[in-house]
Amino acid sequence: MRFFSNLYDDDIKQFFFKPPTSFSKYSPREILSYGLGGTLYMPATKKNIHEDVLTKKHAGLTSLVICLEDAIGDNEVEKAEMMLLHELSQLYEGIEKGYIDIEELPLIFIRVRNKEQLSHIMALLGERREVITGIVIPKFRQENGEAMLDEIAHLSSSRSPLYAMPILETKEIIYKESREYELLNIKKILDQYKHNVLNIRIGATDFSGLFGIRRHSDTTVYDIAVIRDCIADIINMFVRLDSPYVVSGPVWEYFSSPERVLKPQIRETPFLERYGKEGLKLRKEIIGSHMDGFIREILMDIANGIVGKTIIHPTHIQTVQALNAISYEEYTDAAHIISEGNGEIGVLKSSFSNKMNELKPHLYWAQKIMLKSETYGVLQNEYTYVDLLKQNNYV
């Protein structure tokens with residue numbers, strides 16, 4: 001995947017101390033886990049998906065999911081399967097004709113309904129499954145999880161790896177009385193297939209539906225108490241040092257919105273200091289499109305150790321990428337911690353002289369920062385996410 005040619009213009013390279021590296025489905029699993037970015041969902045009934053990919057229509061698209069489950073009606077399944085096969089066949093043909101190199105493809109996943117559909121689709125695809133990176137497993141639970149992961153592991157090979165992305169979104173996980181038992185059993189299953197598990201996703205929409213809740217564009221998923229409580233337990237189970245999975249952020253449902261209720265959620269100062277009146281115009285455009293709530297939720301994701309996000313509109317791609325870019329200060333601290341992490345020193349003052357770096361407690365954080373720096377890049381010290389957001393055609 002040629003990151004800069006598909007996300008930022010060449011002159012944006014000046015913003016980066018360390019540019020994002022290119023990667024493809026053949027890159028190490030650890031890199032791919034952190035590099036999914038804004039994962040764009042689209043129904044399998046959408047036409048001309050292959051054209052969007054071949055023409056690189058959506059700047060910065062690093063991963064996409066073609067959905068055969070909730071995004072289509074139960075009476076459209078057969079039609080959706082045929083359209084999916086057509087789109088992937090056209091994409092495979094485009095590679096054979098040299099329109100695009102397979103390593104330039106975004107990471108493509110299919111969200112299937114069940115094991116039977118997975119086997120059916122993969123058998124029909126045959127050699128064309130080479131364009132697929134993995135399978136999204138909706139409503140993952142202990143009853144269906146192991147069989148799905150076993151089938152994916154069976155279909156995977158060293159030449160053409162196939163990864164799994166389970167979605168945690170069932171009542172057994174959100175209901176407090178069954179959550180711990182369910183998550184523990186899910187973890188036992190995932191641990192058996194951890195080399196095939198690319199990412200764990202959170203289905204906040206399904207969770208919310210079980211309580212008749214839908215968040216407003218002014219609020220984040222972390223403002224909903226039952227969802228926040230469940231996310232905390234998922235992070236506790238899967239993101240800790242002894243269970244280093246990558247968990248991605250829940251979907252942001254809005255791409256436009258009615259009149260706002262709450263005050264804007266991003267400050268004027270970062271925009272004013274960077275670009276003066278033009279910066280304030282940028283902020284106004286972001287607020288006007290109700291992207292400030294989206295930005296706040298991404299920042300909350302990052303603060304809680306979550307990487308990447310499910311999205312439903314291509315205008316969200318660059319915002320996810322921009323906010324996940326690593327600051328020069330973070331990168332410098334992480335590199336310092338790792339280089340001195342031999343146990344001989346306990347604590348060091350940051351090279352920015354504004355914090356302490358405790359080498360043992362901060363080591364896991366530093367390792368994650370280094371992995372993120374590979375796929376999102378490291379900004380020059382004088383640049384911030386505001387500079388990258390300005391490239392998102394807000395102004």
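The values are calculated or read from the model by the stated rules, or taken from the named source; none is laboratory data. Note that this is a predicted model, so its numbers are computed, not measured. Every residue, glycine among them, receives a Cβ derived from its backbone with ideal geometry; neighbour counts consider all protein chains shown. The protein model used for the area step is the full one, side chains on, heavy atoms only, and it has no ligands, DNA or RNA in it. Shrake-Rupley method; radii C 1.70, N 1.55, O 1.52, S 1.80 Å.
Couple of notes before you dig in:
- Criterion (in a loop (DSSP other than H, G, I, E, B) and touching a Leu at 6+ places or on another chain (Cβ under 6 Å)) met by exactly one of ALA80, ALA59: ALA59
- Of the residues making up the stretch 207-225, those that are surrounded by 15 or more Cβ atoms within 10 Å (Cβ to Cβ) and either among the hydrophobic types (A, V, I, L, M, F, W, C) or over 29 Å from ILE266 (Cβ atoms) (or both) are PHE207, VAL221, ILE224.
- Members of the stretch 334-367 found to be closer than 25 Å to PHE16 by Cβ and open to solvent by less than 40 Å² (accessible area, probe 1.4 Å), listed by number: ALA334, ALA335, ILE337, SER350, ASN357, ALA366
- Within the span defined as the stretch 271-294, one or more residues are open to solvent by less than 20 Å² (accessible area, probe 1.4 Å) and either of a type in the set (S, T, N, Q) or at pLDDT 90 or above (or both).
- The set of residues from the stretch 194-206 being of a type in the set (Val, Ile, Thr) and open to solvent by less than 20 Å² (accessible area, probe 1.4 Å) comprises VAL197, ILE200, ILE202.
- Among the residues of the stretch 97-118, those that are part of a loop (DSSP other than H, G, I, E, B) and either touching a residue at least 40 places away in the same chain (Cβ under 8 Å) or closer than 13 Å to ILE66 by Cα (or both) comprise TYR99, ILE100, LEU105, PRO106, VAL112, ARG113.
Table: residues versus (1) aromatic (Phe, Trp, Tyr); (2) under 27 Å from PHE255 (Cα atoms); (3) out of contact with any Lys or Arg (no Cβ under 9 Å at 6 or more places or on another chain).
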site	(1), (2), (3)
ASN304	no, yes, yes
THR332	no, no, yes
LEU348	no, no, yes
SER353	no, no, yes
TYR385	yes, yes, yes
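- Filtered residues of the stretch 283-313 (kept if in contact with a strand residue (DSSP E or B) (Cβ under 8 Å, 6 or more places away or on another chain) and closer than 17 Å to GLY35 by Cα): ILE298, ASP301, GLY305, ILE306, VAL307, GLY308, LYS309, THR310, ILE311
- Pick from the stretch 148-181, criterion surrounded by fewer than 18 Cβ atoms within 10 Å (Cβ to Cβ), among the small types (Gly, Ala, Ser) and part of a loop (DSSP other than H, G, I, E, B), ranking: modelled with the lowest pLDDT: SER158
- For the stretch 243-258, the criterion of a residue being on the phi > 0 side of the Ramachandran plot and without any contact (Cβ under 8 Å) to a residue 60 or more places away in the chain is satisfied by no position.
- In the set (1) in contact (Cβ under 8 Å) with a residue 40 or more places away in the chain; (2) over 21 Å from the mean Cα position of the chain (by Cα); (3) within 18 Å of LEU54 (Cβ to Cβ), the condition left unmet by GLU81 is number (3).
- The residues on offer are ILE121, ILE135, and the sole one that is β-branched (Val, Ile, Thr), closer than 27 Å to VAL251 by Cα, part of a helix (DSSP H, G or I) and in contact (Cβ under 8 Å) with a residue 24 or more places away in the chain is ILE121.
- Test: residue in the stretch 322-329 that is at pLDDT 90 or above, more than 20 Å from the chain's Cα centre (by Cα) and either within 16 Å of ILE306 (Cβ to Cβ) or open to solvent by 20 Å² or more (accessible area, probe 1.4 Å) (or both): yes
- Yes/no for ILE202 being of a type in the set (A, V, I, L, M) and modelled with pLDDT under 85: no
- Filter result for the condition that a residue is open to solvent by less than 40 Å² (accessible area, probe 1.4 Å) and without any contact (Cβ under 8 Å) to a residue 12 or more places away in the chain, over GLY126, GLY145: GLY126
- For GLY377, the conditions (1) of a type outside the set (Asp, Glu); (2) at negative phi; (3) touching a Phe, Trp or Tyr at 6+ places or on another chain (Cβ under 6 Å); (4) buried (at least 20 other Cβ atoms within 10 Å of the Cβ) all hold with the exception of (2).
- Output for the stretch 350-382, where each listed residue is assigned to a loop (DSSP other than H, G, I, E, B) and touching a residue at least 40 places away in the same chain (Cβ under 8 Å): GLY377, GLN380, ASN381
- The stretch 10-28, residues that are open to solvent by 80 Å² or more (accessible area, probe 1.4 Å) and not in a loop (DSSP other than H, G, I, E, B): ASP10, ASP11, LYS13, GLN14, PHE17
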